[in-house]
Amino acid sequence: MRNNCLKKWGQFIPFLTGAAAPVTPLLYFFLLCYNKSMKTITLGSTGISVPQNAFGALPIQRVNLDTAVQILRKAYDGGMRFFDTARAYSDSEEKMGEAFGKWDSPKRDQIFIATKSTAETPEKLRADLETSLRNLKTDYIDIYQLHCVKQCYRPGDGTGLYEVLQEAKAQGKIRHIGITAHKIGIAEEIAESGLYETLQFPFSYLATERDIALVEKCRKNNVGFIAMKGLSGGLLTNSRACMAFMLQYPVLPIWGIQKESELNEWLSYFDDEPEMTPEIDALIKKDRAELLGDFCRGCGYCSPCSVGIVINQCARMSQMIRRAPSENWLTMQWQQEMMKIERCTECGACMKRCPYELKIPSLLKKNLADYKEILAGKSI
């Protein structure tokens, strides 16, 4: 923060002190007082207090090791202190371990690491935890989360999962017990259970009144709310509007970052915190009017498809083709992918896996019909 502060106010130092004058403690205090910086958020009963601008490491599995390390370290240098990953994100944990486990800076107690396991047995959960510790090159994980759960796991429920979390916390391998969910009913039960210190749940400016009520429920119950999918799987493209929305609520947004250019946008808000202006409010209302309803968030939990449909892209093609350069979605490759929808057998496997309980076969056919209209030049 000091470097950011001095950079911002450096132009005034000669006027205040003389060109050759040192930055005295008194002047440094003055600069800090007037430096506009990102507000912090405390995650419920964990006591973890970090800038309200955090790093989601799912996308770094798609870049090479050197690029991932460079992005992660730049995120830390830019002010981010909370980093979220998971066992399910292929080599994301290893890349984070390479970035921070061998680096002289930051010290381990200067960052907060969250990771997750989809394990459904105690044996698998213990094994996943040990793997995460090795991959991340750390002795402990700040928040260890059960990932995309189907229920609110409790002590004595017969699964043994919660007992493993308690055991790991007593051993010092994890500091705090967290959980992630996609279904609102399960999330509400978690928020009221008194068992979990953090809840990770999808939250963006497409949130429903029930989603917003969940945030308040977590606040009242001292459960830290980690907001994932703040861009709604790529449907939302104005990062400033997304950040301005998040800053209105007691949540910690984790932004999925793959490119340095994306990271630069989020880091810029440490010195230029977005506000909910009339223009941003109008943009949000417009997007809500166009996008709210049964839309695919692109999470991919519905996959794999028995006939090879890329469900998490094809089921939201109508939105993506209108919110990104359309030529990217009109290539011969994507035309072939969309035509696979005609082979859908409506087996229902994708619907059983969908966290949002979408009627996927119908949604796919609706998107294909619209896509054909676009190809025919009748719509865009």
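Quick notes on this structure:
- Candidate set from region 27-47 (those that are more than 13 Å from P250 (Cα to Cα) and part of a loop (DSSP other than H, G, I, E, B)); member that is modelled with the highest pLDDT: G47
- Some residue of region 75-83 being in a loop (DSSP other than H, G, I, E, B), surrounded by 23 or more Cβ atoms within 10 Å (Cβ to Cβ) and in contact (Cβ under 8 Å) with a residue 24 or more places away in the chain: yes
- In region 327-352, residue modelled with the lowest pLDDT [restricted to those that are surrounded by fewer than 16 Cβ atoms within 10 Å (Cβ to Cβ) and within 19 Å of Y301 (Cα to Cα)]: K352
- Of the residues making up region 303-316, at least one is surrounded by fewer than 17 Cβ atoms within 10 Å (Cβ to Cβ), among the small types (G, A, S) and over 27 Å from T237 (Cα atoms).
- Odd one out for K137, checked against (1) closer than 24 Å to Y356 by Cβ; (2) among the charged types (D, E, K, R); (3) in contact with a Gly (Cβ under 6 Å, 6 or more places away or on another chain): (1)
- Count of region 138-168 residues, restricted to those that are more than 15 Å from I113 (Cα to Cα) and without any contact (Cβ under 8 Å) to a residue 60 or more places away in the chain, is 20.
So that you can scan it fast, the table gives a plain yes or no per residue for (1) under 15 Å from L146 (Cα atoms); (2) modelled with pLDDT of 95 or more:
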site: Q171; (1), (2): no, yes
site: H176; (1), (2): yes, yes
site: K183; (1), (2): yes, no
site: T198; (1), (2): yes, yes
site: T208; (1), (2): no, no
site: D211; (1), (2): no, yes
site: M228; (1), (2): yes, yes
site: M243; (1), (2): no, yes
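- Look at region 270-299: where a residue is among the basic types (K, R) and a partner is assigned to a loop (DSSP other than H, G, I, E, B) and surrounded by 11 or more Cβ atoms within 10 Å (Cβ to Cβ), sitting 6+ places away or on another chain with Cβ atoms under 6 Å, you get R297/K229.
- If the condition is being of a type in the set (S, T, Y) and over 21 Å from the mean Cα position of the chain (by Cα), then region 139-170 contributes Y140, Y153, T159, Y162.
- Whether a residue is of a type in the set (A, V, I, L, M), crowded, with 20+ Cβ neighbours inside 10 Å and closer than 17 Å to Y196 by Cα was assessed, and L161 passes this test.
- Going through (1) touching a Leu at 6+ places or on another chain (Cβ under 6 Å); (2) surrounded by 16 or more Cβ atoms within 10 Å (Cβ to Cβ) one by one, P274 falls short only on (1).
- Index of the failed condition, K173 passing every other in (1) under 14 Å from I143 (Cα atoms); (2) within 17 Å of the chain's Cα centre (by Cα): (2)
- Scoring V223 on the criteria (1) of a type in the set (A, V, I, L, M, F, W, C); (2) closer than 19 Å to E262 by Cα; (3) in contact with a strand residue (DSSP E or B) (Cβ under 8 Å, 6 or more places away or on another chain) leaves a single failure, condition (2).
- Some residue of region 214-229 being free of Cβ contacts under 8 Å to residues at least 12 places away in the same chain, surrounded by fewer than 22 Cβ atoms within 10 Å (Cβ to Cβ) and among the basic types (K, R): yes
- Only listed residue being part of a helix (DSSP H, G or I) and either within 21 Å of the chain's Cα centre (by Cα) or free of Cβ contacts under 8 Å to residues at least 60 places away in the same chain (or both), chosen from I309, I341: I341
The values are calculated or read from the model by the stated rules, or taken from the named source; none is laboratory data. Predicted, not measured: the structure shown is a model, and the values here were computed from it. So basically every Cβ, Gly included, is an ideal-geometry build from the backbone, and we count neighbours across all protein chains shown.
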